[in-house]
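The values are calculated or read from the model by the stated rules, or taken from the named source; none is laboratory data. Fair warning: this is a prediction, and the values are worked out from it, not measured in the lab. When we count neighbours, we look across all protein chains shown, and the Cβ atoms used for this are built from the backbone with ideal geometry, even at glycine. Ligands, DNA and RNA are stripped out before the accessible areas are found, and what is left, the full protein with its side chains, is counted by its heavy atoms. Shrake-Rupley method; radii C 1.70, N 1.55, O 1.52, S 1.80 Å.
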Amino acid sequence: MIRCLAVDDEKWALDLLVDNIRQLPYLELVARCKNAREAVEALHAEKIDLIFLDIQMPGLSGLQFIQTLQEPPLIILVTAYEQYALDGFNVSAVDYLVKPVSLERFMKACNKAQALYNLKHASQTIDDNKSTEHFFVNVEYSLVKIIVDDINYIEGYKDYIKIHLASSSKPVITRMSLKAIEEKLPASKFVRTHKSYIAAIAKITSIKRDFVCINQTEIPVSESYKGILEKITGSSQQ
């Protein structure tokens, strides 16, 4: 069961949201809240997997509320305003629903959240002795499949990462920390070379003093990660 929180300052909208949640057998409504303060209290008291969240609320808005969460659960935005769709993408919302929301559209968003929930829990513990062939990332309200052996390197930009693939000149951009993606990767196949870079060991074509190269791309190796060169070459670099 996916444990849910419904947050909306309008009673009629909250009642409808709660009714829709109760019609889906894989959703469990844990609490209903009329503002961000109540939502914070519910998150502290209960394990929440998915939040249905209104944007325009008195005090702290839905978007501001998301920014306060260090490790936010899955989020489906529910709002009367279409102009916030880009903001929804920027906070990696699973989906963006515009009121009034039909049950069919609501179910479509929830099915997407269920798929992400299942993927997240299936990949929480990865055995390095086994090869993880692929995983999925959320890109513009869609799930994109990433083949592990197709990854050349990954760049981190605060809350975003760029996954550079051998099969594409265009990186996959998703809202995720470098630490979170590192936990999905087999440690035997990837090395952290810098606070902002992870490289696929098999794709490294040459090594310089302060860089590892994947074809023509130079990936920095910071001083604190110099030890990884021994992992790659089996000897220390002078």
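Please identify the trypsin sites (Lys or Arg not before Pro) of the stretch 1-110 that satisfy two criteria: DSSP loop assignment and at most 14 other Cβ atoms within 10 Å. Which are they?
Values: sites: Arg3, Lys11, Arg22, Arg32, Lys34, Arg37, Lys47, Arg105, Lys108; in loops: Lys34, Lys47.
Filter output for the stretch 1-110: Lys47.
What are the ³J(HN,Hα) values, in whole Hz, obtained from phi via the Karplus relation 6.51 cos²θ - 1.76 cosθ + 1.60 with θ = phi - 60°, for each residue of the stretch 59-76 in sequence order, with x given for Gly and Pro?
3J(HN,Hα) across the stretch 59-76, in whole Hz: x, 7, 6, x, 5, 5, 4, 4, 5, 7, 8, 5, 10, x, x, 4, 9, 10.
Keeping all protein chains in position, work out how much accessible area Asp150 exposes to a 1.4 Å probe, and write it in Å² to the nearest 10.
30
What 222 nm value per residue comes from the helices of the chain, counting each DSSP H run with n ≥ 4 as -39,500 (n - 2.57) and dividing by all residues, nearest 500 deg cm²/dmol?
Working: 7 runs with 67 residues, N = 238.
Rounded to the nearest 500, the figure is -8000 deg cm²/dmol.
For the chain, what class follows from the C-alpha gyration tensor (a ≥ b ≥ c being the square roots of its eigenvalues): rounded when a/c is under 1.5, otherwise prolate if a/b is larger than b/c, else oblate? Before the final figure, lay out the partial values.
Numbers: a/c = 2.54, a/b = 2.38, b/c = 1.07.
Prolate shape, in that a/c is at least 1.5 and a/b is the bigger ratio.
In square angstrom, what is the accessible area per residue of the chain with a 1.4 angstrom probe?
With all protein chains present, the chain gives 54 Å² per residue.
Cross-link candidates for Lys11: which aspartates and glutamates have Cα within less than 16 Å, leaving aside residues fewer than 8 places away along the same chain?
Here the aspartates and glutamates satisfying the reach criterion relative to Lys11 are Asp19, Glu38, Asp54.
Filter Lys112/Lys170; Lys112/Lys179; Lys120/Lys189; Lys112/Lys203; Lys99/Lys120; Lys34/Lys179 down to the pairs with a C-alpha to C-alpha distance above 30 Å, please.
Over 30 Å Cα-Cα: Lys112/Lys203; Lys34/Lys179.
Scanning the chain for GluC sites (Glu not before Pro) in DSSP loops with at most 15 other Cβ atoms within 10 Å, what's the longest stretch left with none?
Working: sites that count: Glu10, Glu46, Glu133, Glu140.
Here the longest segment lacking exposed loop sites spans 141-238.
Excluding ligands and nucleic acids, what accessible area in Å² is computed for Cys213 using a 1.4 Å probe, to the nearest 10?
Using a 1.4 Å probe on the heavy atoms, I get roughly 10 Å².
Got a sec to turn the phi values of the stretch 189-198 into Karplus ³J(HN,Hα) couplings, 6.51 cos²θ - 1.76 cosθ + 1.60 with θ = phi - 60°, whole Hz, x for Gly and Pro?
Rounded to whole hertz, the list is 10, 9, 10, 8, 9, 6, 4, 10, 9, 10.
Solvent-accessible area of His134, probe 1.4 Å, all protein chains present, reported in Å² to the nearest ten, please.
Spelled out: His134, probe radius 1.4 Å, area about 80 Å².
Size of the dipole of the chain about the Cα centre, Lys and Arg at +1 and Asp and Glu at -1 on the beta carbon, nothing else charged, in debye to 20?
Working: 28 positive and 30 negative charges, 122 e Å.
For the chain, the charge dipole is close to 580 debye.
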